[in-house]
1. Looking at (1) in contact with a strand residue (DSSP E or B) (Cβ under 9 Å, 6 or more places away or on another chain); (2) among the hydrophobic types (A, V, I, L, M, F, W, C); (3) surrounded by fewer than 17 Cβ atoms within 10 Å (Cβ to Cβ), find the lone condition where Ala376 falls short.
2. Could you check the range 147-173 and list, in sequence order, the residues that are in a loop (DSSP other than H, G, I, E, B), away from ligand 2 (no atom under 16 Å from the Cβ), in contact (Cβ under 8 Å) with a residue 60 or more places away in the chain and open to solvent by less than 40 Å² (accessible area, probe 1.4 Å)?
3. Would you tally the residues in the range 397-406 being modelled with pLDDT of 95 or more and open to solvent by less than 10 Å² (accessible area, probe 1.4 Å)?
4. Can you name every residue in the range 175-188 that is in contact with a helix residue (DSSP H, G or I) (Cβ under 9 Å, 6 or more places away or on another chain) and within 9 Å of ligand 1 (Cβ to nearest atom)?
5. Considering only residues that are more than 18 Å from the chain's Cα centre (by Cα) and small (Gly, Ala, Ser), which ones fall in the range 385-401?
6. Could you list, in sequence order, the residues of the range 320-367 that are within 16 Å of ligand 1 (Cβ to nearest atom) and surrounded by fewer than 20 Cβ atoms within 10 Å (Cβ to Cβ)?
7. Kindly indicate whether Leu291 is open to solvent by less than 40 Å² (accessible area, probe 1.4 Å), in a loop (DSSP other than H, G, I, E, B), at negative phi and outside the structural domain of Cys175 (by TED's automatic domain parsing).
8. Scanning for something surrounded by fewer than 19 Cβ atoms within 10 Å (Cβ to Cβ), assigned to a loop (DSSP other than H, G, I, E, B) and modelled with pLDDT of 95 or more, does the range 86-108 turn up at least one residue?
Amino acid sequence: MWCLWRRDGRRRGLRLNLKLGLSSAPPGGKKSPRVLLVALHQSYRVPAYQMAAAALGARLVIASQGHHSVIPAIADGLHIEFDKVPEAVERIVASAAREPFDAIVASDDLTLEVATRAAAALGMPHNPLSAVCAARRKDLARDALRAAGLPVPRFRCLNLTQDLTPQISGLDYPCVIKPLAMAASRGVIRVDSSDELRRMLPRVAAIVAEAVVSDERDRVLVESFLPGAEIAIEGLLRGGRLHVLAVFDKPEPLDGPFFEESYYITPSRLPPAILDGAIERLTQACAAYGLREGPVHGEMRLHEGEAWILEVAARTIGGDCARLLSFGAGRSLEELVLRQALGWPLDLDPSGGAAGVLMIPTPGAGTLRRVEGVLAAQQLPGIDELLISVREGYELVPLPEGGSYLGFVFAHADTPAEVESALRDAHDCLNIVIAPSLPVAMPAA
Ligand code: ADP
Ligand code: CA
């Protein structure tokens, strides 16, 4: 359940209706296209794709493990199981035989395989499966980048079920331990010595034990820590060509030991030559993985005059941050993803201003009592929306174990510096009241 405050007092639902009313017909007056969204049941991304499809005049079919379509008036449903990939692909192919799909998109990392295989079976543009795997798995990604001759930190995969002593000998410090395929910096820890590495590994082991895919539960990656500023680039690939939608600065230093995301500000304030180098590096990384189609979210560190890839995911930016793109690109990110998948012109129309988000840091562990100062924060100049995504009474789990966001603050202004200071002021207004979570003693039976 999300609580949303808008500065202008409008409700989110109103915006949905407004958007639905604005449906633009497909180019050339053709029949409205049929688009398949392969989505996890209850994915927070689904409503955004529904709005985008409505805005484009497309009919959305949602393939998911849910038995019913989310909003039957807007989207049809196709029931599939993600752990039965061949059957899921067969169902999609059978549905396409009744009426062809004009595009297939995946909502999240975990739905990419089904979407990719289905697109391949139907002869539609898609990424090679190996590219999708490299984009999801950090060890495969590092192998692909190194094989392509791109700069990568020294890295090693540790098998947690085997004796660690020989596996960690000769490592350079500081280094970073990370799960093979998690997100939102969950389980990512900087360690400065072998003692610290040994102390932290059980903590990461407990986190990766929860990995959805079984062969990601007993291994972790360890790689050299790269000091330097961090940026993120949101892009769309079409036929191997990268269209950059936005470059985000992350103005808060991310030096560890944990790496909580906070500020994302676009456009970047870095010099154009550095930005060009970073974009070129992302293009090379996509080619190294074999990615050619669809959204990419790249994160990199600027270190020793080079842009070093931290990761390139074959999906859109996470959390609710996708909304920022409507400032950078003039259209919602999901609309752009659908346009790309449909082979339509992207028609990017940047607004020219600056925008940013603060992913509200989780200040500690415990039960969320309340968030004070919301009204004051949302009334600050430049602040558009403040969203608290954890309900009162729920448990807050900070990094490295937790991986969900407490909430988001969105801002826009003329310059990135104004956006950043609006977000920092908004953060200063907030007082997050947390009660310690007490263990519950069960009475003896
Ligand atoms: P996730 O997929 O969970 O987001 P990332 O690989 O992106 O994991 O790592 C999360 C964060 O950890 C990065 O945004 C960065 O700040 C930090 N980080 C990861 N690897 C390194 C590294 N080799 N050097 C420095 N910082 C790193
Ligand atoms: Ca990341």
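1. Going through (1) in contact with a strand residue (DSSP E or B) (Cβ under 9 Å, 6 or more places away or on another chain); (2) among the hydrophobic types (A, V, I, L, M, F, W, C); (3) surrounded by fewer than 17 Cβ atoms within 10 Å (Cβ to Cβ) one by one, Ala376 breaks only (1).
2. Scanning the range 147-173 gives Leu150, Pro151.
3. Total meeting the criteria: 1.
4. Correct list: Cys175, Lys178, Pro179, Ala181, Met182, Ala183, Arg186, Gly187, Val188.
5. Selection gives Gly393 alone.
6. Once the filter is applied, which keeps residues that are within 16 Å of ligand 1 (Cβ to nearest atom) and surrounded by fewer than 20 Cβ atoms within 10 Å (Cβ to Cβ), the range 320-367 yields only Pro361.
7. Yes: the conditions hold for Leu291.
8. The answer is yes; a qualifying residue exists.
The values are calculated or read from the model by the stated rules, or taken from the named source; none is laboratory data. Source: prediction; values computed, not measured. Heads up, the Cβs are rebuilt from the backbone with ideal geometry, glycines too, and the neighbour counts pull from every protein chain shown. Side chains are part of the model used for accessible areas, which takes the heavy atoms of the whole protein and leaves out ligands, DNA and RNA. Shrake-Rupley method; radii C 1.70, N 1.55, O 1.52, S 1.80 Å.
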